[in-house]
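Heads up: the structure comes next, in structure tokens.
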Amino acid sequence: MGLRDPQQVFGIQELYRPDHEPADIDIVAVHGLNGDAIKTWTSNNVCWLNHRDLLPKYLKRARVLTWGYNANISSLTGRSTSSERILQHAQTLTAQLHADRDLEDANDRPIIFLCHSLGGIIVKRALAYSASRHASKIAHLHSIYTCTFAILFFGTPHHGSSKARLLGSLQKLASLAVPNGVVQIESSLVNALEEESETLQNITDQFAPLMANFRIFFFWEQEKTDFKYAKEYIVDETSAAPILDNTERCGIAADHRGMCKFERSTSQGFRTAVAALRRYGLEAPQVISSRWTKTAEMLSENRRHEAMEMLRGIQPRPADAFPSETVHRIEEPFSRKEILDHVDRHKRVTENNQCK
């Protein structure tokens with residue numbers, strides 16, 4: 001990785017959309033540490049996410065997006081060091097993906113994530129964050145969690161590793177960006193990674209209760225990465241593909257960086273991943289439609305409770321002091337002015353009745 005590419009993409013970028021028919025699913029690719037929104041998925045100028053003989057050929061009604069962010073861990077490559085934490089990246093991914101889908105009038109369209117390496121950690125944190133957005137003014141962010149149907153993890157370190165092993169994986173990832181002969185400043189990098197390794201474990205713990213809602217496919221690297229001085233696995237099989245109920249797992253005959261780059265449709269890794277994507281794409285619309293119904297009921301109930309708490313907070317009254325049409329008006333958030341106006345009207349009616 002040399003000097004910073006001036007065309008490096010940050011944020012959401014659309015790579016492909018159907019020509020003559022509406023999309024029925026969004027596929028969102030998220031790169032990992034020291035990765036790139038386009039190059040992570042590209043080999044010999046072939047990006048399998050938008051090449052018409054590759055992914056679009058098999059999922060003709062999928063819109064394909066990639067999300068880029070500052071994932072640079074070392075300034076030694078000519079790029080600025082990322083000062084953002086995983087949560088900030090996760091919040092940004094959630095907000096930017098929602099904004100893109102909102103402008104496309106596609107808030108209810110199913111989502112499938114493709115994640116390479118630590119990109120999977122950010123997606124897991126983003127989904128946990130989205131799942132917790134219940135309050136009326138931010139409930140729109142809940143749609144990312146609601147619409148996510150499946151996640152394909154390519155070499156992401158999961159809870160199958162101990163904290164020490166997670167740290168080891170991160171150190172190996174970082175060393176890919178550190179030129180030979182610059183070992184003396186690597187200690188500060190290691191300290192930062194050691195601090196983050198516990199964070200990664202906590203994110204996995206937050207994600208675990210949500211996993212049952214998604215189709216999960218784990219891929220691990222079957223070839224070691226050449227570090228010049230040695231060849232090692234970046235993320236080993238037990239970490240990249242934990243054996244869990246109702247999940248799929250498969251090895252890919254490539255090293256860590258090459259495991260998500262496909263040049264030909266005959267590549268076995270490509271065929272396995274795309275077959276899963278096509279299967280998920282067929283199942284997703286019906287499942288997400290049903291999930292939306294349940295989510296709408298849950299958010300409506302939350303909004304009803306919020307409204308009642310606001311009413312009680314302004315002036316305690318008996319449960320039947322407010323007409324049912326006020327309590328159950330949940331199609332849009334209550335404003336404080338609306339509630340105060342209603343309280344004033346109710347007060348005037350009560351005072352008039354007392355005078356009679």
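Just so you know, all these numbers are worked out from the coordinates, no wet-lab data involved. The structure displayed is predicted, hence computed values, not measured ones. Backbone-built Cβ (ideal geometry, glycine too); neighbour counts: all protein chains shown.
The table that follows gives values for the structure above.
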| quantity | calculated |
| --- | --- |
| Coil-residue GluC sites (Glu not before Pro) of the stretch 227-272, DSSP, other Cβ within 10 Å capped at 14 | none |
| T247 versus L210: modelled label distance in nm, points set 7 Å from Cα along the beta carbon direction | 1.5 nm |
| FRET efficiency, 1/(1 + (r/R0)^6) with R0 41 Å, evaluated for H140 and Q222 via beta carbons | 0.50 |
| Length-normalised contact order of the stretch 19-67 in % [C-alpha pairs under 8 Å, at least 6 apart] | 54 percent |
| Contour excess over end-to-end distance, with Cα ends at A95 and R279 and 0.36 nm allotted per residue | 63.5 nm |
| In range of the label at V287: residues from the stretch 217-232 whose backbone nitrogen is under 15 Å from the point 7 Å along Cα→Cβ | 217-218 |
| Listed residue pairs exceeding 30 Å between alpha carbons, taken from K39/K60; K39/K231; K57/K228; K39/K224 | K57/K228 |
